[in-house]
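Contents: one structure, followed by commentary.
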Amino acid sequence: MTVRSRGWRWVRRVVAATSALVLVATCALLLWLLNPSDVREQALAAVNDDAAVALSYHDGYVSLAPANGAVREAVVFYPGGHAAARAYVPRWAPIVAATGTMVLIPDVPLGLAFLDSDAVDPIMADWPQVDRWWLGGHSLGGVAATDHLAAHPELDVEGLVLWAAFPDRDADLAGLDLDVLAVTGSRDEIVATQEVRASLDRLPPGTRTVEIDGMEHSQFGAYDSFFGDGDPAISDERAQSLLASETADFLADQGSRRTASVER
């Protein structure tokens, strides 16, 4: 065997090995994309056992509503990147119970809300009895929400609920009459509080910003943490309690203000 033939055999082996590695990596990526991080079952079970709220599954979204009373106010909330819709149900349960506001969370393709940022439109059409609407999202879901609102400023919503999220540079909402809550976590290594504050010039004046000390990125949902989300300094239970309190207070405050304005 010549040196040249041995060299070509070595090249073919390297090419074959590289191709195999690429195939394995591609399959692993597809498997990851096709299986968004789901809710922790124990957290979901607690919601199902909660008599104050009612969880329902619809075509393309899940809803969580107060168990008693007519629903007049609702939030369409886009999930964060690679997180399942129901992974946010446990975080919203105490907010729904406290405020009577329903939350509707779209099932987005591959767990990526920007692939279906128009999901809010058919959801709102399904609930004509709702008087006041809010739009929101976590992380990439919040980006999708602000992108949609920037492209459709005529959308009839009261404002935005952003968890660890901010509008991108092309989404300028500063001129819109919206009430906005932007909640961040001090231990979040995906979306830093400084990034959110730097985006305030693209959000309406009076945007309420809140940083929860010790909270990291994945604690905004009830799913297992990804690499790089950050190291929390508070428990999930404490994070949920603080997040629920801030969000419920905001919705209650803005709802009261809007109602008083209409009555005047």
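Any read-out appearing in this document is the output of simple, stated calculations on the displayed coordinates, not a laboratory observation. Keep in mind that what you see is a predicted model, and the values were worked out from it rather than measured. Cβ coordinates were reconstructed from backbone atoms using ideal geometry, including for glycine residues, and neighbour counts include every protein chain displayed.
Per-structure values
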item	result
Long-range HN-HN contacts of Gly159 with modeled amide H, under 5 Å	Leu135, Asp179
Using a Förster distance of 51 Å, the FRET efficiency for Asp224-Asp172 (Cβ separation, nearest 0.05)	0.90
Potential extension, Asp231-Ala70 segment - 0.36 nm per residue separation minus Cα distance	53.9 nm
Added length on full extension, which subtracts the Cα-Cα distance from 0.36 nm per residue, Asp249 to Ser56	67.0 nm
Gain upon complete extension [Gln129, Glu154; 0.36 nm per residue less C-alpha separation]	7.1 nm
For the range 38-263: Kirkwood Rh in Å [reciprocal of mean 1/r, alpha carbons]	17.2
